[in-house]
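This report concerns only the one structure given below.
The values are calculated or read from the model by the stated rules, or taken from the named source; none is laboratory data. Keep in mind that this is a model prediction, so the values were computed, not measured. Counting neighbours? That spans all protein chains shown, and the Cβs are built from the backbone with ideal geometry, glycine included.
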Amino acid sequence: MMKFFSLFLTATFLSSPSLAQDMMSGLTPPKFQKVTLGYVGVFHKKAQFPNEEAAVRFQAFDMSAPIIRDDTESWTASLAGNELAVNPTQGELSRFYDLKVGLGYTKALDDKRLWSASIRYGSASDRLFANPSVSTIGATWFYSYPKDETARWLFLVDYSNNRPILNNIPLPGFAYFYTPSKTFKLAVGAPFASVTWDFHEYWGLEGFTLVPWVVKGNIYYRVNDFAKLYAGLDFSQITYYRADRTNNKERVFYDEKKLFLGAKSPLSKNILADFEVGHAFDRAFFEAEEYEIDPENPTTIANAFYAKLSLRLFF
């Protein structure tokens, strides 16, 4: 069940590596928490912007480590950052950064119940920490307990001032995790759903949606107990604050959809690798207070092929 929590939360907060790591650390009993390091690199082929061709590059890292730990409680520190770059620069579109630090606490009430809280502080902008308006803050609390041998409840409250949707308000939420067998896992909550289903000895599917504007899914072929090949789609956004904006509520959105093929396999007992190639389409930069399907005056970008490499280390 804990492994499914990790998969679910990674999908949920893919655009925020530090939050994903804080949540995954919090859902792992203190005595099993490990040091984790992660890297993601996405490299697009050059494509036509309004004036000329340019390439979009996204790179992110995250790390999390228990600094105090025993069998029942732990304190965990985290650091995460990313860079979204347009090369060559297109008008005001050049480089955006997101850097944050976090601190989390997890308490195991018994073998099956636990609660956790975390806080995060950083900056997401074209000029990090240029002024208070580009600072990012976040906090999460959750409590998890089993319903029976096949199901588990998770209740949470999360605040962030840099979400793609439902920004800058405390959000209560819940999740119901149902795992009747090793081949079927379902999570349903507010406002999301996630499923993993091995519908054949070698074939399966994974799907996730965060209503209304995040959709991720893939169908995979299991090569062996460790490695798999997959194909799927991704519709998601990344957000930053421009340091010299006049409306402090406005953010820069990078919006894209992707179709992809990939392979995932451990390189060793401590390293998991994931390589993906695909086609990015319906891409645009725009500025708005909240995510918009049809924004005003977007900077549209032509379709482009891309390659993605993800590495995760545990020790």
Exercise for the section: State whether one or more residues within segment 124-142 are farther than 21 Å from Y291 by Cβ, at pLDDT below 90 and surrounded by fewer than 16 Cβ atoms within 10 Å (Cβ to Cβ). Expected result: no
Practice task
Quickly run through segment 166-184 and pick out the residues that are closer than 18 Å to I119 by Cβ and among the hydrophobic types (A, V, I, L, M, F, W, C).
Solution key: I169, L171
Problem - Members of segment 95-117 found to be over 18 Å from K31 (Cα atoms) and crowded, with 16+ Cβ neighbours inside 10 Å, listed by number - result: F96, Y97, D98, L99, K100, G102
Problem - Failed item in (1) more than 30 Å from E92 (Cα to Cα); (2) modelled with pLDDT of 90 or more; (3) not aliphatic (A, V, I, L, M), with T28 passing the rest - result: (2)
Completion exercise
So the strands (runs of 3 or more DSSP E) completely within segment 135-198 holding 3 or more residues that are touching a residue at least 12 places away in the same chain (Cβ under 8 Å) and more than 27 Å from K228 (Cβ to Cβ) are 135-146, 151-160, 171-181
Practice task
Give me the pairs, please: first residue somewhere in segment 291-306 and surrounded by 15 or more Cβ atoms within 10 Å (Cβ to Cβ), second residue anywhere and in a loop (DSSP other than H, G, I, E, B), beta-carbon distance under 7 Å, and either six or more positions apart or on two chains.
Solution key: Y291/P164; Y291/I165; Y291/W213; T299/F49; T299/P50; I301/F49; A304/K45; Y306/K45
Exercise for the section: Quickly run through segment 285-315 and pick out the residues that are in a strand (DSSP E or B), within 19 Å of F49 (Cα to Cα) and more than 20 Å from the chain's Cα centre (by Cα). Expected result: F286, E287, T299, T300, I301, A304, F305
Handout entry: Filtered residues of segment 98-120 (kept if out of contact with any Phe, Trp or Tyr (no Cβ under 8 Å at 6 or more places or on another chain) and of a type outside the set (D, E))
Key = L99, A108, I119, R120
Exercise for the section: Take the residues in segment 48-76 that are loosely packed, with under 15 Cβ neighbours inside 10 Å and among the aliphatic types (A, V, I, L, M), then tell me which one is farthest from D255 (Cα to Cα). Expected result: I68
Problem - Residues of segment 81-132 that turn out to be over 18 Å from V56 (Cβ atoms) and assigned to a strand (DSSP E or B), as a count - result: 20
Completion exercise
When every residue in segment 262-288 that is touching a Lys or Arg at 6+ places or on another chain (Cβ under 6 Å) and surrounded by 17 or more Cβ atoms within 10 Å (Cβ to Cβ) is compared, the one nearest to V35 (Cα to Cα) is L272
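Determine whether R163 is within 26 Å of S118 (Cα to Cα), crowded, with 18+ Cβ neighbours inside 10 Å and within 21 Å of the chain's Cα centre (by Cα).
Values: within 26 Å of S118 (Cα to Cα): yes; crowded, with 18+ Cβ neighbours inside 10 Å: yes; within 21 Å of the chain's Cα centre (by Cα): yes.
The answer is yes for R163.
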Fill in the blank from the handout: Listed by first then second residue, the pairs whose first member lies in segment 30-52 and is in contact (Cβ under 8 Å) with a residue 12 or more places away in the chain and farther than 26 Å from G104 by Cβ, whose partner is surrounded by 18 or more Cβ atoms within 10 Å (Cβ to Cβ) and of a type in the set (K, R), with beta carbons under 6 Å and at least 6 positions apart or on separate chains, are V42/K308
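Take L186 and tell me if it is at pLDDT 95 or above, under 20 Å from the mean Cα position of the chain (by Cα) and farther than 30 Å from T246 by Cβ.
Values: at pLDDT 95 or above: no; under 20 Å from the mean Cα position of the chain (by Cα): yes; farther than 30 Å from T246 by Cβ: yes.
No, not satisfied.
Assess whether D225 counts as being acidic (D, E) and in contact with a Lys or Arg (Cβ under 6 Å, 6 or more places away or on another chain).
On the way: acidic (D, E): yes; in contact with a Lys or Arg (Cβ under 6 Å, 6 or more places away or on another chain): no.
No.
Table: residues versus (1) in contact with a helix residue (DSSP H, G or I) (Cβ under 8 Å, 6 or more places away or on another chain); (2) of a type in the set (A, V, I, L, M); (3) at positive phi.
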{"residue": "R69", "(1), (2), (3)": "yes, no, no"}
{"residue": "L79", "(1), (2), (3)": "yes, yes, no"}
{"residue": "L103", "(1), (2), (3)": "no, yes, no"}
{"residue": "N131", "(1), (2), (3)": "no, no, no"}
{"residue": "F142", "(1), (2), (3)": "yes, no, no"}
{"residue": "E149", "(1), (2), (3)": "no, no, no"}
Exercise for the section: Find the residue count for segment 219-263, including only residues that are in contact (Cβ under 8 Å) with a residue 24 or more places away in the chain, in a strand (DSSP E or B), under 25 Å from P164 (Cβ atoms) and in contact with an Asp or Glu (Cβ under 9 Å, 6 or more places away or on another chain). Expected result: 19
Completion exercise
Considering residues that are at positive phi and charged (D, E, K, R), the number found within segment 260-315 is 1
